[in-house]
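K.L.:
A single structure is presented below for examination.
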Amino acid sequence: MAAAALRRCLTRRQSIPRVSPLLPLTRLISDSTDPITIETSLPFKPHLIDPPSRSTTTTAAELASFFRTMLLMRRFEIAADSLYKSKLIRGFCHLYDGQEAVAVGMESSLTRRDAIITAYRDHCLYLARGGDPVSAFAELMGRKAGCARGKGGSMHFYKRDANFFGGHGIVGAQVPLGCGVAFAQRYRKEGTVTFDLYGDGAANQGQLFEALNMAALWKLPVVLVCENNHYGMGTAEWKASKSPAYYKRGDYVPGLKVDGMDVLAVKQACKFAKDHVLANGPIILEMDTYRYHGHSMSDPGSTYRTRDEIAGIRQERDPIERVRKLLLAHDFATAQELKDLEKEIRKEVDAAIAKAKESPMPDPSELFTNVYVNDCGLESFGVDRKVVRTVLP
Amino acid sequence: MKSDPTVCVMGEDVGHYGGSYKVTKGLAEMFGDLRVLDTPIAENSFTGMGIGAAMKGLRPIVEGMNMGFLLLAYNQISNNCGMLHYTSGGQFKIPVVIRGPGGVGRQLGAEHSQRLESYFQSIPGLQMVACSTPYNAKGLMKAAIRSENPVVLFEHVLLYNLKEKIPDEEYICCLEEAEMVRPGEHVTILTYSRMRYHVMQAAKTLVNKGYDPEVIDIRSLKPFDLHTIGNSIKKTHRVLIVEECMRTGGIGASLRSAIIDNFWDYLDAPIMCLSSQDVPTPYAGTLEDATVVQPAQIVAAVEQICQ
């Protein structure tokens, strides 16, 4: 065991150190960049298009970074659960654990110049886009250091410099917004794409079909991603949708059904989709995924599905376990190293929470800032402009 | 649109048709199909698209073919347009202009005669202006486009055919400023949009009867220009509000309470507010005329206030 670890140390010095854009270098886990080929768990199901190959290429370093990022996300969400139960997080809190592979796989196929927009289950997308866990926890607790200065909350995480457009509470309303972002990208000939995420519940919103029609008409570079976790709050997909084949619902727009618990399949599909939309206009990706928590913290998640179902998915399809198995099978890491990594991540998350707790509540004057952009020196609110910061000309 | 490539227009029939009221006539030929975008009939989503494009750095002008149709986009206007700057902690700004014709026309029926200013006024983060003359239409439109905030520009169906000589050169009207139409001494009449013309007609009669009304077109519906309005009230001590929106929860209702809060000591008489009746606008011509405020009622109101 020690000899194997030593061997890995020696090979590491020879290979070029590779720093993941998201997180610091892992220690003894292999960071080799030699490509390996892995088959996706399931074939892609296509609609009006030829599907991409099931063979995906990856490297040890990439798998390790996927593992680390997904672990961070999983830890983050579980920590958010405890914080909510200790009443440090209030209101609505929608957790993403179980769905990490979608966020991580998607991010790995994009650049930061591409845009992502999603609904309210946005904590992990924010982290994937380079969001800092401290500002995320601070926002959840309504503190000044939060990514939206404490004024947005769980459902309103944004990161403009990483082209992460949030964070939206009204189901489906983000879909036309995402098409608008794609419109601007096409207008300015940027050569970038927008990934517009929504859920199986939102898939029945009229504005989605309206936006899809326009996106197809004008060949907007938008990928509509349906994160199908099979339950719209408490309603199972077959109870809400006459046709739960969401990848086919685009009718004239091609679609692809992807195993959303397999990060490599997600990465492959997103790469494929990005290339497709830049040439041909929109495509729908249906990510078959699952959330372990209920819809939100006020939903136990067990009244409309059985504990056996949840445990079964955790056993068979958990995205993190899948990558762990790959890392172990290819001898890129030992079980102990991965366990140590988990401990490290736990410490990191706890440290982030502690740091976030230090941040104070927003100043009372923040109630009135950012209502308007400071235009002509005007920062005011209400019809009678009771608090005037400037005198009119 | 010539000076700033990020300015674009989107709406139904704004491009090749030239706009249902010809507001965008000729623009598609000049700037192309992408900058003057003909949208399908999907107000909710094309308003959302305009807002998304604004988040990404464009400056879209979204047209509702009739203001009433924008009710379908209310969620986008309220949550995404008005509130996104705040909920993102100032990260995203939405420099969008939402415009369209509203108001009571000539027997267009209830659904095509709506006045949405009363519905939109509570949305935080939104600015609202109403134009009434060719001069202020150009000035307010330019200011609205240049503003970093979302602005709803209310036009009126019956005012599109007005002709006026206006300067060729660039000018803007301040979005938050009211317009002094006719200075006077006896009573302050506050109005906006089409009712300005009814007020001016009544003013002719009033002058013949010996009154000297001060007429102010408030233009800025949110926020109110209490600076100009207040100075006028300090002079005349009497206020009459003449508006086209409904009595209940209208602009007049807000204006009245704003005046009472700020200028109570200067009032010598209760504030009178003439608004449209709280009914759907009927089709029959005589009934339609009875829903909106007519010059004769304005004259009677002034006489009552100035007793």
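The values are calculated or read from the model by the stated rules, or taken from the named source; none is laboratory data. Here the structure is a predicted model, which is why all the values come from computation and not from measurement. Don't worry about glycine lacking a Cβ; one is built from the backbone with ideal geometry, like all the others, and counts go over all protein chains shown.
K.L.:
With (1) in the same structural domain as B:GLY100 (by TED's automatic domain parsing); (2) buried (at least 21 other Cβ atoms within 10 Å of the Cβ) as the list, and B:ARG219 as the residue in question, which single condition is left unmet?
P.N.:
With respect to (1) in the same structural domain as B:GLY100 (by TED's automatic domain parsing); (2) buried (at least 21 other Cβ atoms within 10 Å of the Cβ), B:ARG219 is out only on (1).
K.L.:
What strands (runs of 3 or more DSSP E), lying completely within segment B:192-258, carry at least 2 residues that are within 16 Å of the chain's Cα centre (by Cα) and within 13 Å of another protein chain (Cβ to nearest Cβ)?
P.N.:
The strands (runs of 3 or more DSSP E) meeting that bar are B:220-222.
K.L.:
So, one more: Only residues that are under 13 Å from A:GLY180 (Cβ atoms) and modelled with pLDDT under 95: list them for segment B:58-71, please.
P.N.:
Of everything in segment B:58-71, nothing turns out to be under 13 Å from A:GLY180 (Cβ atoms) and modelled with pLDDT under 95.
For every residue, the table says whether it meets (1) of a type in the set (Gly, Ala, Ser); (2) part of a strand (DSSP E or B); (3) within 20 Å of the chain's Cα centre (by Cα).
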{"position": "A:VAL175", "(1), (2), (3)": "no, no, yes"}
{"position": "A:ALA203", "(1), (2), (3)": "yes, no, yes"}
{"position": "A:ALA216", "(1), (2), (3)": "yes, no, no"}
{"position": "A:LYS219", "(1), (2), (3)": "no, no, no"}
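K.L.:
Here's another thing I want to ask about it. Could you run through segment A:186-195 and say how many residues are more than 7 Å from chain B (Cβ to nearest Cβ) and in a helix (DSSP H, G or I)?
P.N.:
The qualifying residues number 1.
Here's the yes/no breakdown for (1) in a loop (DSSP other than H, G, I, E, B); (2) buried (at least 24 other Cβ atoms within 10 Å of the Cβ):
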| position | (1), (2) |
| --- | --- |
| A:ARG75 | no, no |
| A:ALA79 | no, no |
| A:LEU83 | no, no |
| A:GLY91 | yes, no |
| A:ARG112 | yes, no |
| A:ILE116 | no, yes |
| A:TYR120 | yes, no |
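K.L.:
Let me ask you something else. So A:LYS159 ticks every box in (1) buried (at least 24 other Cβ atoms within 10 Å of the Cβ); (2) among the charged types (D, E, K, R); (3) more than 17 Å from the chain's Cα centre (by Cα) but one. Which box is left unticked?
P.N.:
That leaves (3) as the condition not met.
K.L.:
Of the residues in segment B:1-34, how many are touching a strand residue (DSSP E or B) at 6+ places or on another chain (Cβ under 6 Å) and farther than 13 Å from B:GLU63 by Cα?
P.N.:
Qualifying residue count, segment B:1-34: 5.
K.L.:
Another one. Does A:ASN204 fit the bill of being surrounded by fewer than 24 Cβ atoms within 10 Å (Cβ to Cβ) and at the interface with chain B (Cβ under 9 Å from one of its Cβ atoms)?
P.N.:
no
K.L.:
Answer yes if at least one residue in segment B:260-274 is closer than 30 Å to B:ASN161 by Cβ, surrounded by 14 or more Cβ atoms within 10 Å (Cβ to Cβ), touching a helix residue (DSSP H, G or I) at 6+ places or on another chain (Cβ under 8 Å) and modelled with pLDDT of 95 or more, and no otherwise.
P.N.:
yes
K.L.:
Still on this structure, I have one more. In segment B:56-75, what residues are surrounded by fewer than 19 Cβ atoms within 10 Å (Cβ to Cβ) and more than 13 Å from chain A (Cβ to nearest Cβ)?
P.N.:
Within segment B:56-75, B:LEU71 is the sole residue that qualifies.
K.L.:
Same structure, new question: Out of all the residues in segment B:60-70, is one or more in contact with a Ser or Thr (Cβ under 8 Å, 6 or more places away or on another chain), closer than 18 Å to A:VAL175 by Cβ and in the same structural domain as B:MET141 (by TED's automatic domain parsing)?
P.N.:
Scanning segment B:60-70 turns up at least one residue that is in contact with a Ser or Thr (Cβ under 8 Å, 6 or more places away or on another chain), closer than 18 Å to A:VAL175 by Cβ and in the same structural domain as B:MET141 (by TED's automatic domain parsing).
K.L.:
When the residues of segment B:226-252 are narrowed to those that are surrounded by fewer than 20 Cβ atoms within 10 Å (Cβ to Cβ) and not β-branched (Val, Ile, Thr), which ends up nearest to B:ILE271 (Cα to Cα)?
P.N.:
B:HIS237
K.L.:
What number of residues within segment B:91-111 are of a type outside the set (A, V, I, L, M, F, W, C), within 14 Å of chain A (Cβ to nearest Cβ) and within 19 Å of the chain's Cα centre (by Cα)?
P.N.:
Count: 1.
K.L.:
The conditions are (1) within 14 Å of chain B (Cβ to nearest Cβ); (2) within 17 Å of the chain's Cα centre (by Cα), and A:LEU212 fails exactly one of them. Which is it?
P.N.:
That leaves (2) as the condition not met.
K.L.:
Can you list residue pairs whose Cβ atoms sit under 7 Å apart, with the first residue in segment B:149-171 being without any contact (Cβ under 8 Å) to a residue 24 or more places away in the chain and the second being surrounded by fewer than 13 Cβ atoms within 10 Å (Cβ to Cβ) and of a type in the set (Asp, Glu)? Count only pairs 6 or more apart in sequence or on different chains.
P.N.:
From residues that are without any contact (Cβ under 8 Å) to a residue 24 or more places away in the chain, there are no pairs.
K.L.:
Okay, next question. Would you pick out the residues in segment A:215-248 that are over 21 Å from A:GLN268 (Cα atoms), of a type in the set (A, V, I, L, M, F, W, C) and more than 14 Å from every other protein chain (Cβ to nearest Cβ)?
P.N.:
Matches in segment A:215-248: A:MET233, A:ALA236, A:TRP238, A:ALA240.
K.L.:
Same structure again: Does segment A:137-173 hold any residues that are more than 8 Å from every other protein chain (Cβ to nearest Cβ) and assigned to a helix (DSSP H, G or I), and which are they?
P.N.:
Across segment A:137-173, the qualifying residues are A:PHE137, A:ALA138, A:GLU139, A:LEU140, A:ASP161, A:ALA162.
K.L.:
A further question follows. Any idea which residue in segment B:123-181 is surrounded by the most Cβ atoms within 10 Å (Cβ to Cβ), counting only those that are among the basic types (Lys, Arg) and closer than 18 Å to B:THR24 by Cβ? Before the answer, list the steps.
P.N.:
First, pick out the residues of segment B:123-181 that are among the basic types (Lys, Arg): B:138, B:142, B:146, B:163, B:165.
Going one step further and asking which of them are closer than 18 Å to B:THR24 by Cβ, we end up with B:138, B:142.
Numbers: B:LYS138: 18, B:LYS142: 14.
Looking at the filtered set, the residue picked out is B:LYS138.
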